[in-house]
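Visitor: Sharing a structure with you now.
The values are calculated or read from the model by the stated rules, or taken from the named source; none is laboratory data. The structure presented is a predicted model; accordingly, all values stated were derived computationally and were not measured. Note: ideal-geometry Cβ built from the backbone for every residue, glycine included; neighbour counts use all protein chains shown.
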Amino acid sequence: MTRIWNDPAEFADEMIAGFVAANERYVRRVSGGVVRSTVVPTGQVAVVVGGGSGHYPAFGGLVGQGLAHGAAMGNLFASPSTQQILSVAKAADAGAGVFFTYGNYAGDVLNFDAAQDRLRAAGVACETVTVTDDIFSARPDEKQKRRGIAGDLTVFRVAAAAAEAGYPLTEVARVAALANERTRSIGVAFSGCTLPGAPEPLFTVPEGRMAIGLGIHGEPGVDETDIPTADGLAELLVSRLLDEVPDGVSADGARAVPILNGLGSLKYEEMFVVYRRIAELLADAGIQAVDPHVGEYCTSFDMAGTSLTLFWLDDELERLWDTPVDTPAYRRGSVTTAARADAAADEPAEVTAIPPADDESCAAATIVADAVATIAATVDEHVDELGRMDSIAGDGDHGIGMQRGSHAARDAALTARDAGAGAETVLVRAADAWADKAGGTSGALWGVILTSLAGKLGDSGTPQPADVASGVAAGLAAVMAYGKAEVGDKTMVDALVPFSGELTRSVDAGADLADAWSAAADAATRAAASTADLLPRLGRARTHGQNSVGTPDPGAHSLALIVTAVGALLDGNERN
């Protein structure tokens, strides 16, 4: 279990501050993460990695000479926000473009892609390769759906080495894609991990049993077996990986980098016993082990488990792999130490003036700010429930992510209201704060919903029920376009579609906003409850879909709770 923390909601921020304080030789803090504290040659491609915190040394521990130029660091097990990624990328850019690489998870893809789009629109060249090494997370014919686990290291290191060697951006992307295609991993666990402040682990494994195919965010395994001997574990790991040798590679005579990765609590001595047999099995298969790695490279807080990665080399990949590396948590060879960069302070956040608003819109802004405060209070009331629901087939962070986002939105909305902002500006400020502070999939999607709704409210006049219904419909369309989910995928969309549909129907029939909203909230609540019978088809829960049957989708459930609470607020305002 995790034993030491202050406020669990602030754990990631405080952890990053301590990490930077301990490693100023390598990194400096910028908004959203860290970048190298040493000089990067002008014209070198910047390799930016990232993901949720809780996986040290991934991701900040891999920033330094020969490896990443920057790392966007999200909340615990949650993707960094689009704004965080943008900030890190801008700080790392050395004029030759930005290369993004990260594990293939829905929230990371949403936020990194959005950041990439915004950078390209600003004239910054960008390319991306997502890491998909986990063989248990999808079939071989659906490799693009696989998640990234400890194989992140091979792709990150090859991409960064190519950048150090002067490869242009398109060539960095090419060799990174090749490294990803030649990387395969499998993981096992003997116990789950526990987030700071959580009363119990995200999943449990029965005494004497071992989960196979787990995820690094506390997702439970897809199979289970008795705990084998060390030799038996080695044989399981190697045999599964040799069943899926990459196309174009013959195991007999191949050269491969084996990486035996500890997930947080497994002792090095135990892993050495396992690796002893792994080395024998690789040799028996005619595989020459190159630069074996045994240690912690991508952890999952305090999870007791391990993963084995095989990185199948060719001449180019091996040459790049030999590039010296010097980072806080990972060193190989000997680098010529670069000079320290000027310790320029992080760019201050741009302050945007409050647009003018008339009295009617300012009155509506008060209701909007009250609604956002109601959302935060509702999330606080149900935060433990949301985390528990999310832990059944996901990573258990939905509650704390919603809490961080809604609190930031509440504070931003109240500040904007007090500054005289209109309804649109208050909700836009809340949306931006939610997306930035929460990160992850839910942070991005709630940011989209609130921004879309804000656009229909305006900063002049009193918003009409039709404006609100139109804004919710716009939010639904944006969520479906952005997140690619449809009804039946077991996501927020399953509750948002009936909510928007009923709201529009009721308003069109002449109902006032409070009555229309209440009817829509009832429809959302029924739809959210019915997601208990669905198998998830998107997101982290997809791999473990059978575990979630019987439990509603936490994103749909939290939306239903929120719209119900806001409905009560609107009804109270109508009565007054």
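Visitor: Could you tell me which numbered condition residue 246 fails, if it satisfies all but one of (1) touching a residue at least 60 places away in the same chain (Cβ under 8 Å); (2) farther than 26 Å from residue 313 by Cβ?
Guide: It is condition (2) that residue 246 fails.
Visitor: Restricting to segment 418-435, give me the number of residues that are surrounded by 24 or more Cβ atoms within 10 Å (Cβ to Cβ) and either charged (D, E, K, R) or not in a helix (DSSP H, G or I) (or both).
Guide: Count: 4.
Visitor: Now a separate question. Take the residues in segment 1-44 that are part of a loop (DSSP other than H, G, I, E, B) and acidic (Asp, Glu); name whichever of them is modelled with the lowest pLDDT.
Guide: Checking each candidate, the answer is 7.
Visitor: Which residue out of 444, 469, 477, 473 is assigned by TED's automatic domain parsing to the domain that holds residue 495, crowded, with 22+ Cβ neighbours inside 10 Å and modelled with pLDDT of 95 or more?
Guide: That would be 469, the only listed residue that is assigned by TED's automatic domain parsing to the domain that holds residue 495, crowded, with 22+ Cβ neighbours inside 10 Å and modelled with pLDDT of 95 or more.
Visitor: Related question: Might you let me know whether segment 528-535 holds any residue that is in contact (Cβ under 8 Å) with a residue 24 or more places away in the chain, within 18 Å of residue 371 (Cβ to Cβ) and crowded, with 20+ Cβ neighbours inside 10 Å?
Guide: No, that holds for no residue.
Visitor: Additional query: If residue 519 passes every condition in (1) among the hydrophobic types (A, V, I, L, M, F, W, C); (2) touching a Ser or Thr at 6+ places or on another chain (Cβ under 7 Å); (3) under 12 Å from residue 445 (Cβ atoms) but one, which one does it miss?
Guide: Result: residue 519 passes all but (3).
Visitor: Can you go through 401, 387, 396 and tell me which one is under 17 Å from the mean Cα position of the chain (by Cα), touching a residue at least 60 places away in the same chain (Cβ under 8 Å), buried (at least 23 other Cβ atoms within 10 Å of the Cβ) and not in a helix (DSSP H, G or I)?
Guide: After applying the criteria, what remains is 396.
Visitor: Next question. When residues of segment 250-279 are filtered for being assigned to a loop (DSSP other than H, G, I, E, B), over 33 Å from the mean Cα position of the chain (by Cα) and touching a residue at least 12 places away in the same chain (Cβ under 8 Å), how many remain?
Guide: 4
Visitor: May I pose another question? Over 22 Å from residue 22 (Cα atoms), within 31 Å of the chain's Cα centre (by Cα) and not in a loop (DSSP other than H, G, I, E, B): is that true of residue 282 in this structure?
Guide: So residue 282 fails the test.
Visitor: Is it fair to say residue 91 is more than 27 Å from residue 262 (Cα to Cα) and either in contact (Cβ under 8 Å) with a residue 60 or more places away in the chain or of a type in the set (Val, Ile, Thr) (or both)?
Guide: When the stated conditions are applied, residue 91 passes them.
Visitor: Further question: Select from segment 454-466 the residues that are over 21 Å from residue 509 (Cα atoms) and either acidic (Asp, Glu) or surrounded by fewer than 21 Cβ atoms within 10 Å (Cβ to Cβ) (or both) and list them in ascending order.
Guide: Within segment 454-466, 455, 458, 459, 460, 461 qualify.
Visitor: Please enumerate the residues belonging to segment 325-341 that are within 31 Å of the chain's Cα centre (by Cα) and either exposed (fewer than 15 other Cβ atoms within 10 Å of the Cβ) or of a type in the set (S, T, N, Q) (or both).
Guide: Answer for segment 325-341, where residues must be within 31 Å of the chain's Cα centre (by Cα) and either exposed (fewer than 15 other Cβ atoms within 10 Å of the Cβ) or of a type in the set (S, T, N, Q) (or both): 327, 340, 341.
Visitor: Here are some residues: 103, 66, 52. Which one is in contact with a strand residue (DSSP E or B) (Cβ under 9 Å, 6 or more places away or on another chain) and modelled with pLDDT under 95?
Guide: On the way: 103 fails: modelled with pLDDT under 95; 66 fails: modelled with pLDDT under 95.
Unique residue meeting the criteria: 52.
Visitor: Surrounded by fewer than 21 Cβ atoms within 10 Å (Cβ to Cβ), closer than 22 Å to residue 56 by Cα and among the hydroxyl-bearing types (Ser, Thr, Tyr), is that true of residue 194?
Guide: Against the criterion (surrounded by fewer than 21 Cβ atoms within 10 Å (Cβ to Cβ), closer than 22 Å to residue 56 by Cα and among the hydroxyl-bearing types (Ser, Thr, Tyr)), residue 194 qualifies.
Visitor: Also, I was wondering about something else. Please state which of the following conditions residue 241 fails to meet, knowing it meets all the rest: (1) in contact with a helix residue (DSSP H, G or I) (Cβ under 6 Å, 6 or more places away or on another chain); (2) in a helix (DSSP H, G or I).
Guide: In the conditions (1) in contact with a helix residue (DSSP H, G or I) (Cβ under 6 Å, 6 or more places away or on another chain); (2) in a helix (DSSP H, G or I), residue 241 misses (1) alone.
Visitor: Across segment 484-515, what is the total count of residues that are buried (at least 19 other Cβ atoms within 10 Å of the Cβ) and at positive phi?
Guide: Residues that pass the stated criteria total 1.
Visitor: Turning to a different aspect of this structure: Looking at (1) exposed (fewer than 15 other Cβ atoms within 10 Å of the Cβ); (2) touching a helix residue (DSSP H, G or I) at 6+ places or on another chain (Cβ under 9 Å); (3) without any contact (Cβ under 8 Å) to a residue 60 or more places away in the chain, can you tell me which one residue 355 breaks?
Guide: Every listed condition holds for residue 355 apart from (3).
Visitor: Output the helices (runs of 4 or more DSSP H) that fall wholly within segment 498-576 and possess 3 or more residues being at pLDDT 95 or above, within 29 Å of residue 146 (Cα to Cα) and of a type in the set (Lys, Arg), or say none.
Guide: The helices (runs of 4 or more DSSP H) meeting that bar number zero.
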